[in-house]
1. Checking the condition over 30 Å from residue 93 (Cα atoms) and either in contact (Cβ under 8 Å) with a residue 60 or more places away in the chain or loosely packed, with under 15 Cβ neighbours inside 10 Å (or both), which residue from 183, 164 passes?
2. Please find, among 191, 182, the residue that is part of a helix (DSSP H, G or I), under 23 Å from residue 5 (Cβ atoms) and not assigned by the TED database to the domain that holds residue 132.
3. Does residue 191 count as over 30 Å from residue 13 (Cβ atoms) and free of Cβ contacts under 8 Å to residues at least 40 places away in the same chain?
4. Could you list, in sequence order, all residues of the range 92-111 that are surrounded by fewer than 11 Cβ atoms within 10 Å (Cβ to Cβ) and under 18 Å from residue 73 (Cβ atoms)?
5. Go through the residues of the range 80-93 one by one and say whether even a single one is in contact with a helix residue (DSSP H, G or I) (Cβ under 8 Å, 6 or more places away or on another chain), over 24 Å from residue 58 (Cβ atoms) and in a loop (DSSP other than H, G, I, E, B).
6. Against the definition (in contact (Cβ under 8 Å) with a residue 60 or more places away in the chain and under 19 Å from the mean Cα position of the chain (by Cα)), how does residue 138 come out, yes or no?
7. Residue by residue through the range 21-36, note down the ones that are touching a strand residue (DSSP E or B) at 6+ places or on another chain (Cβ under 7 Å) and under 30 Å from residue 130 (Cα atoms).
């Protein structure tokens, strides 16, 4: 699986962005005829008739690895250069508009050559900012996705350990945007310690409010510059 941090850290100097989403993901991949019987199932309503999938579906053990291998082989010599690939999401980024058009031509030609189709409703072309991997990426830097920030801000007060873990999972994804995140989140993380009873007190309520406040303070990270010491 691609490393999100590595992908986002490679955007230095990019001025133009296009985000592409493959239509129906795994279902675009045909299953070899000799392997289709491995996906066989029976519907009681069909009186025991056996059915088999002809296309790769979500849930098959090897599906993620097969799809990632296909995308890696397709874009391996441009990945981290001007085209990021994360499963079925692609981000094409360039320094100039002319360069961007050339990059798009290369990417689209490769998709066409293997018969992969895009989902128009989830595709953003030639943008100065675009959403990718839960972030808003632009020439200025990285921002948390505003929709995800809004969801965090509207999170109800946790009532059990499961709620705490869900909330921490949401905010910890953006821990890079908050210096001292571990200290800031301590009031909640202590609730996840083994054999610790769930008790919601002032410390937990204050931590919950402060984490929300940190997320809505419009944090921004400049793109990583590998040329700086």
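1. Numbers: 164 fails: either in contact (Cβ under 8 Å) with a residue 60 or more places away in the chain or loosely packed, with under 15 Cβ neighbours inside 10 Å (or both).
After applying the criteria, what remains is 183.
2. Working: 191 fails: under 23 Å from residue 5 (Cβ atoms).
After ruling out the rest, the residue left standing is 182.
3. Numbers: over 30 Å from residue 13 (Cβ atoms): yes; free of Cβ contacts under 8 Å to residues at least 40 places away in the same chain: yes.
For residue 191, the condition - over 30 Å from residue 13 (Cβ atoms) and free of Cβ contacts under 8 Å to residues at least 40 places away in the same chain - is met.
4. Across the range 92-111, the qualifying residue is only 109.
5. Looking for residues that are in contact with a helix residue (DSSP H, G or I) (Cβ under 8 Å, 6 or more places away or on another chain), over 24 Å from residue 58 (Cβ atoms) and in a loop (DSSP other than H, G, I, E, B), one finds at least one in the range 80-93, hence yes.
6. Values: in contact (Cβ under 8 Å) with a residue 60 or more places away in the chain: yes; under 19 Å from the mean Cα position of the chain (by Cα): yes.
Judged against the criteria, residue 138 is a match.
7. From the range 21-36, those touching a strand residue (DSSP E or B) at 6+ places or on another chain (Cβ under 7 Å) are 21-23, 27-31; that's our starting set.
Hits for the range 21-36 are 21, 22, 23, 27, 28, 29.
Matching residues to (1) within 16 Å of the chain's Cα centre (by Cα); (2) in the same structural domain as residue 114 (by the TED database); (3) closer than 21 Å to residue 134 by Cβ:
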| position | (1), (2), (3) |
| --- | --- |
| 12 | no, yes, yes |
| 16 | no, yes, yes |
| 19 | yes, yes, yes |
| 38 | no, no, no |
| 41 | no, no, no |
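The values are calculated or read from the model by the stated rules, or taken from the named source; none is laboratory data. The structure displayed is predicted, hence computed values, not measured ones. Don't worry about glycine lacking a Cβ; one is built from the backbone with ideal geometry, like all the others, and counts go over all protein chains shown.
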